[in-house]
C-alpha cells in the first residue's frame, strides 16, 4: 500500500488553514486572489492521488 497525501483545509473569511498528512505540516494562506493562486500552486505540486477536504466556518458555509 502506497503512502497517500491528505490535506484538510479550514476556510474562513480571511484565511485558509491547512494540515497535510503524512508530513504533519501546517500552512496558512490568505483567502484572497493571491492566496487562491498560491493554494493552487501548492496543490498542483503535490503527488498524484492527493486527497483534499474543505470545511467552511464563520458563516462561509
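The values are calculated or read from the model by the stated rules, or taken from the named source; none is laboratory data. Just so you know, these numbers come straight off a predicted model, no measurement behind them. Cβ placement follows ideal geometry from the backbone for every residue including glycine, while neighbour counts extend to all protein chains displayed.
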Inset, instruction - Could you please give the count of residues in the stretch 12-30 that are touching a residue at least 24 places away in the same chain (Cβ under 8 Å) and surrounded by 13 or more Cβ atoms within 10 Å (Cβ to Cβ)? - result: 1
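For the stretch 41-56, enumerate the residues that are under 9 Å from the mean Cα position of the chain (by Cα) and either over 10 Å from residue 5 (Cα atoms) or modelled with pLDDT of 95 or more (or both).
Initially, the stretch 41-56 is screened for residues under 9 Å from the mean Cα position of the chain (by Cα), giving 42-43, 52-54.
Answer for the stretch 41-56, where residues must be under 9 Å from the mean Cα position of the chain (by Cα) and either over 10 Å from residue 5 (Cα atoms) or modelled with pLDDT of 95 or more (or both): 42, 43, 53, 54.
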Inset, instruction - May I ask you to list pairs of residues, at least six apart or on different chains, whose Cβ atoms are under 6 Å apart, with the first in the stretch 35-59 being in a loop (DSSP other than H, G, I, E, B) and the second being exposed (fewer than 11 other Cβ atoms within 10 Å of the Cβ)? - result: 58/13
Inset, instruction - Please give the number of the condition residue 9 fails out of (1) assigned to a helix (DSSP H, G or I); (2) in contact (Cβ under 8 Å) with a residue 24 or more places away in the chain; (3) surrounded by 15 or more Cβ atoms within 10 Å (Cβ to Cβ). - result: (1)
